[in-house]
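Below is one structure, written out as structure tokens; the observations come after it.
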Amino acid sequence: MLLRPEEIERIRSLPWPDSDRALVQDFWHSINGFPYFRRQANGACIFLTDAGVCLMHQRFGFDCKALTCRGYPLNLVSTFPGEISALARMDCPAVLRHQGPLLSESRRDIEALVAEMRFRDGFSQRQLDGLQRPAIELLCQVLLEEIADETLPPGHKACHLWQLLRHWQKLGAIFLNDLPTLKMVLPSLREKSRADLADLPKLGLGPFSRAYFRQMLSNYCQRDEEMLSTGAASRCRRTLQLLQMFLGGGNLRTFGREHPDFPLAKVQLFRAETRSQPAAEVWESYWRFLSVRLECFQFFGFAYYELPFFAGLAALLLTYPLALAHARISAASQGRTDIAAADVQYAVASLDHSHGRSPRLKFQFSRNAENYFYPARYPYLVFALGMH
């Protein structure tokens with residue numbers, strides 16, 4: 001967790017009891033010139049007790065904590081000019097389980113946090129891809145309606161959303177901004193996209209494409225501390241881990257304790273046969289992950305490395321094969337072939353932690369797979385992972 005420089009002395013000067021004095025004398029360290037809370041050997045924050053309680057919160061209350069701590073699990077991002085959108089991150093266990101108070105009930109607290117923070121200006125014209133706000137709102141609403149429709153199995157629904165995006169890109173901004181005409185043609189586009197699902201390619205991926213996908217998967221598995229460890233030994237170890245995954249080996253646990261401790265070579269990621277259709281609740285957390293970002297416009301612009309609308313939407317849709325791969329690894333680690341809701345929840349938590357926030361993914365070379373798999377290879381990737 002990042003600290004602001006002025007918070008260090010403020011936290012240290014709190015009236016700590018003598019039993020905590022040694023702790024607060026050395027509670028932070030500098031990484032790449034920025035101050036961060038230290039971690040315990042188990043990866044937890046230095047202020048987190050064995051009972052799972054923040055010691056600072058326990059001693060002095062919520063308002064004494066650092067801004068990043070008070071802001072978690074919120075993700076606050078500048079969207080349209082003069083507007084800040086807020087969503088609850090699903091790498092928080094309570095949010096993942098759909099528990100806790102509604103954000104609307106915490107509006108005053110959220111506004112107080114926003115007042116302490118600095119934000120960029122609203123979406124630029126480049127980020128909007130030439131689209132006007134009414135067009136963006138309508139397109140997002142269409143996607144939300146399709147996500148809520150439970151008649152399509154997960155893989156087919158993902159490909160349906162992908163096809164809609166392709167159709168819209170071909171129409172172009174001038175057509176999409178003509179709202180009366182757009183509203184008139186949208187129903188037929190939606191019907192055509194569903195009809196075209198029968199003609200999706202029934203082919204898998206070649207060895208290089210599979211390896212490239214595993215590299216993309218590894219980019220989403222690396223946590224902040226792995227990327228912030230910049231010593232020569234850490235870089236060599238990380239390079240070896242990435243190479244092993246690229247070649248089909250390795251173990252996600254090497255990237256963090258939250259991942260299953262299971263050899264990737266024992267997971268049959270790419271099985272092209274059709275899988276049995278899971279119950280709707282199995283994928284509920286993933287569709288919620290997608291829907292919240294569409295509702296809050298947190299999938300492009302400042303929420304996702306300043307990418308324009310269509311590129312950000314493509315990257316968001318590519319989280320489906322990533323979630324499927326994560327979930328399959330989780331299931332395999334427990335000796336199962338069928339994916340359960342807990343497997344998808346693990347996948348969503350891992351994706352949400354990195355999507356738009358990863359120190360590694362902010363570099364274009366780490367996201368080149370997005371252009372590689374979208375648009376042409378997307379259905380092949382979904383089919384290779386097992387259409388269901």
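The values are calculated or read from the model by the stated rules, or taken from the named source; none is laboratory data. The shown structure was predicted, so the numbers you read here are calculated from the model rather than taken from an experiment. Glycine gets a Cβ as well: all are built from the backbone with ideal geometry, and neighbour counts include every protein chain shown.
Numbers for the structure displayed
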read-out	value
Among (1) more than 30 Å from S124 (Cβ to Cβ); (2) buried (at least 17 other Cβ atoms within 10 Å of the Cβ); (3) hydrophobic (A, V, I, L, M, F, W, C), the one test that L14 misses	(2)
Any hit, region 102-120, residues being buried (at least 16 other Cβ atoms within 10 Å of the Cβ), part of a helix (DSSP H, G or I), among the polar types (S, T, N, Q) and outside the structural domain of Y305 (by TED's automatic domain parsing)	yes
Only one of R89, R59, R10 that is modelled with pLDDT of 90 or more, closer than 22 Å to V348 by Cα and basic (K, R)	R89
In region 258-302, residue nearest to L243 (Cα to Cα) [restricted to those that are part of a loop (DSSP other than H, G, I, E, B), modelled with pLDDT under 95 and touching a Gly at 6+ places or on another chain (Cβ under 8 Å)]	F270
Matching residues, region 44-79, being farther than 15 Å from L2 by Cα, within 21 Å of the chain's Cα centre (by Cα) and not β-branched (V, I, T)	L76, S78
Residues satisfying the stated conditions in region 45-59, i.e. surrounded by fewer than 14 Cβ atoms within 10 Å (Cβ to Cβ) and not aliphatic (A, V, I, L, M)	T49, D50, G52, Q58
Pairs where the first residue, in region 126-155, is in contact (Cβ under 8 Å) with a residue 40 or more places away in the chain and the second is of a type in the set (S, T, Y), C-beta under 7 Å, 6+ apart	L144/S291; I147/S291
Pick from region 21-42, criterion touching a strand residue (DSSP E or B) at 6+ places or on another chain (Cβ under 7 Å) and charged (D, E, K, R), ranking: surrounded by the fewest Cβ atoms within 10 Å (Cβ to Cβ)	R38
Selection count, region 60-83, where residues are surrounded by fewer than 17 Cβ atoms within 10 Å (Cβ to Cβ) and touching a Phe, Trp or Tyr at 6+ places or on another chain (Cβ under 7 Å)	2
Conditions (1) in the same structural domain as V292 (by TED's automatic domain parsing); (2) of a type in the set (A, V, I, L, M); (3) farther than 19 Å from C296 by Cα: number failed by I147	(3)
Residue among G335, G386 that alone is touching a residue at least 60 places away in the same chain (Cβ under 8 Å) and under 23 Å from G250 (Cβ atoms)	G386
Cross-chain or 6+ apart pairs with Cβ under 8 Å, region 194-216 first and on the phi < 0 side of the Ramachandran plot, then basic (K, R) and in a loop (DSSP other than H, G, I, E, B)	L205/R377; S209/R377
Set Q163, Q241: member being crowded, with 19+ Cβ neighbours inside 10 Å, in contact with a strand residue (DSSP E or B) (Cβ under 9 Å, 6 or more places away or on another chain) and touching a residue at least 12 places away in the same chain (Cβ under 8 Å)	Q241
Selection within region 249-268 - in contact with a Leu (Cβ under 8 Å, 6 or more places away or on another chain) and surrounded by 16 or more Cβ atoms within 10 Å (Cβ to Cβ)	G250, N251, L252, H259, P260, F262, L264
Those helices (runs of 4 or more DSSP H) lying entirely in region 168-256 with at least 3 residues modelled with pLDDT of 85 or more	179-196, 207-221, 232-246
Residue match in region 304-322 (condition: more than 19 Å from D149 (Cα to Cα), of a type in the set (A, V, I, L, M), assigned to a loop (DSSP other than H, G, I, E, B) and at pLDDT 95 or above)	yes
Among the candidates D20, D63, D91, residue that is among the acidic types (D, E), part of a loop (DSSP other than H, G, I, E, B) and not assigned by TED's automatic domain parsing to the domain that holds R288	D91
